[in-house]
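The values are calculated or read from the model by the stated rules, or taken from the named source; none is laboratory data. All values derive from a computational prediction rather than experimental measurement. Heads up, the Cβs are rebuilt from the backbone with ideal geometry, glycines too, and the neighbour counts pull from every protein chain shown. Remember, those area values only see protein heavy atoms, side chains included, never the ligands or the DNA or RNA. Shrake-Rupley method; radii C 1.70, N 1.55, O 1.52, S 1.80 Å.
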2 protein chains.
Amino acid sequence: MSSDVQWLTAEEQRVWRRWLTLNARLSAALHKELQDDAGLSMPDFEVLVHLTDSPEGRLRVTDLARLLQWERSRVSHHVTRMERRRLVQRVECAEDGRGAFIVITPQGRAAIEQAAPGHVKTVRRLVFDALSPEDLDAFATIIEKALAQLDNQPAGFTA
Amino acid sequence: MSSDVQWLTAEEQRVWRRWLTLNARLSAALHKELQDDAGLSMPDFEVLVHLTDSPEGRLRVTDLARLLQWERSRVSHHVTRMERRRLVQRVECAEDGRGAFIVITPQGRAAIEQAAPGHVKTVRRLVFDALSPEDLDAFATIIEKALAQLDNQPAGFTA
């Protein structure tokens, strides 16, 4: 590989690898919990969370894509699959030409209400129970620094 | 929703949401970089990293699944798609009945070598450049606490 690249230090590389491992393990555990409790995948759950958080439980594909940080095509395909399971519904908006709204259905609300208690319990048990108040503060600081760094990238470099 | 659930505190919930946002944004940025540089997706890259790290560049599906924290079926499907692009190859193992090895091909090695410098540069720029040495230490501690917490769950609860 190129020798003029500034590689990560041994500690940075270790932290990065462990971070990826943590995210992969958490995501697998949370996915399993959601499947067992409510037949939802993590992506299903994330879509439903954003719809539940929105006024009238509805969002346009573009806004959902931005909130999820997915490409629009991925959102469209995923919403189609969720629509077949009656968790969400596409509703055309006659007022303007800005495309359909994705709306959470009563079945979608029932699914997220069924999933939420176990999900929260698992997040608490797997993450927050392990952290002291000082850890939580430090973690919040680190996450905000990284997010600010993302915001400060040249346009077009990051989503 | 149930009222007997111990919900996350406002700060915990905020940290959790911001963490998910950070992961989604980092993953989108890293994915874009890998696509532009070497035509790889993040999952492609992760598979190639684990194969590169293994003696003789090969792993069984079971071991790859454990390292990636994916289900075996996802590994199989993904490997099939990578095999079509000649990044990896399935090699049957005559010695025992434990199934095929997934082996990185010369094309797979070329792809990861092409992708690695840009990937590392992006990880450095988006994450580590934002963190002080103290942040890095605190981050490492938090990650290890959470991973230890995952290791201490009852069998079957987590992957």
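Counting Cβ atoms of other protein chains within 10 Å of each Cβ in B:61-68 and taking the mean gives 1. Using the Cβ-Cβ distance between residue B:52 and residue B:151 with R0 set to 35 Å, the FRET efficiency works out to roughly 0.85. Inter-chain neighbour count for B:131-143: the average number of beta-carbon atoms from partner chains within 10 Å of each residue's beta-carbon is 6. Across chain A, Cα pairs under 8 Å and at least six residues apart give a relative contact order of 21 percent. Relative to the first principal axis of the alpha-carbon coordinates of chain A, what is the inclination of helix A:72-84, with its axis defined by its Cα atoms, in degrees from 0 to 90 and to the nearest 10? Rounded to the nearest ten degrees, it is 50.
The 3J(HN,Hα) values that the Karplus relation (6.51, -1.76, 1.60; θ = phi - 60°) gives for segment A:19-36 are, in residue order, 4, 4, 5, 4, 5, 5, 5, 4, 4, 5, 5, 5, 4, 4, 4, 5, 4, 5 Hz. Gly and Pro appear as x. Take residue A:63, push a point 7 Å out from Cα through the beta-carbon direction, and compare it with the same point in every other copy: 5.0 nm, smallest first. Note on segment B:8-78: the alpha carbon radius of gyration divided by the globular reference 2.2 N^0.38 Å gives 1.41.
Computed over chain A, the per-residue total of -39500 (n - 2.57) for DSSP H runs of n ≥ 4 gives a 222 nm mean residue ellipticity of -21500 deg cm²/dmol, rounded to 500.
Near residue B:60, the amide H atoms lying under 5 Å from its own belong to B:102; only residues 5 or more places off or on other chains count, and H is placed 1.01 Å from N. Assuming charge only on the beta carbon of Lys and Arg (+1) and of Asp and Glu (-1), the dipole of the protein assembly as shown about its Cα centre is about 1120 debye to the nearest 20.
Less than 30 Å apart at the alpha-carbon level, and either on another chain or at least 8 residues along: which lysines does that give for residue B:121? The reachable lysines, counting only those whose Cα sits under 30 Å from residue B:121, are A:145, B:32, B:145.
For the residues of A:27-36, the average number of beta carbons from a partner chain within 10 Å of their own beta carbon is 3. Relative to the other identical copies, residue A:35 shows label-point distances of 2.6 nm, where the label point lies 7 Å from Cα along the Cβ direction and values run shortest first. Rounded to the nearest 100, the interface formed by chains A and B buries 6800 square angstrom of accessible surface, both chains summed, with a 1.4 Å probe.
Relative to its residue count, the protein assembly as shown spans a Cα convex hull of 165 Å³ per residue. When +1 charges are put on Lys and Arg Cβ atoms and -1 charges on Asp and Glu Cβ atoms, the dipole computed for segment A:25-159 relative to its Cα centre reaches about 560 debye. Probing with 1.4 Å while keeping every protein chain in the model, the per residue accessible area of chain A equals 51 Å². A straight line joining the Cα centroids of segment A:1-65 and segment A:108-158 runs 10 Å. Annotation: amide H-H contacts under 5 Å for residue B:40 (H modelled 1.01 Å from N, sequence separation of 5 or more, or interchain): B:35.
Taking a sphere under 15 Å around the Cβ of residue A:81 and counting the other residues whose Cβ falls inside, with K and R at +1 and D and E at -1, yields a net charge of +2.
Most tightly packed first, judged by the mean number of other beta-carbon atoms within 10 Å of their residues, the peptides A:73-86, B:103-116 read B:103-116, A:73-86.
In terms of Cα atoms, the Rg and Dmax of segment B:66-159 work out to 18.6, 51 Å. Within the accessible surface of segment A:3-49, defined with a 1.4 Å probe on protein heavy atoms only, the carbon and sulfur portion equals 49 percent.
Where chain B is rotated onto chain A, the residue of B whose Cβ comes nearest the axis, and that gap in whole Å, is B:138, 2. Copy-to-copy label distances for residue A:113, where each label lies 7 Å from Cα along Cα-to-Cβ, are 5.9 nm in order of increasing length.
Remark: spin-label model distance residue B:14-residue B:107 equals 5.0 nm, labels positioned 7 Å along the Cα→Cβ axis.
Set against the 2.2 N^0.38 Å expectation for a compact globular protein, chain B has a Cα radius of gyration ratio of 1.26.
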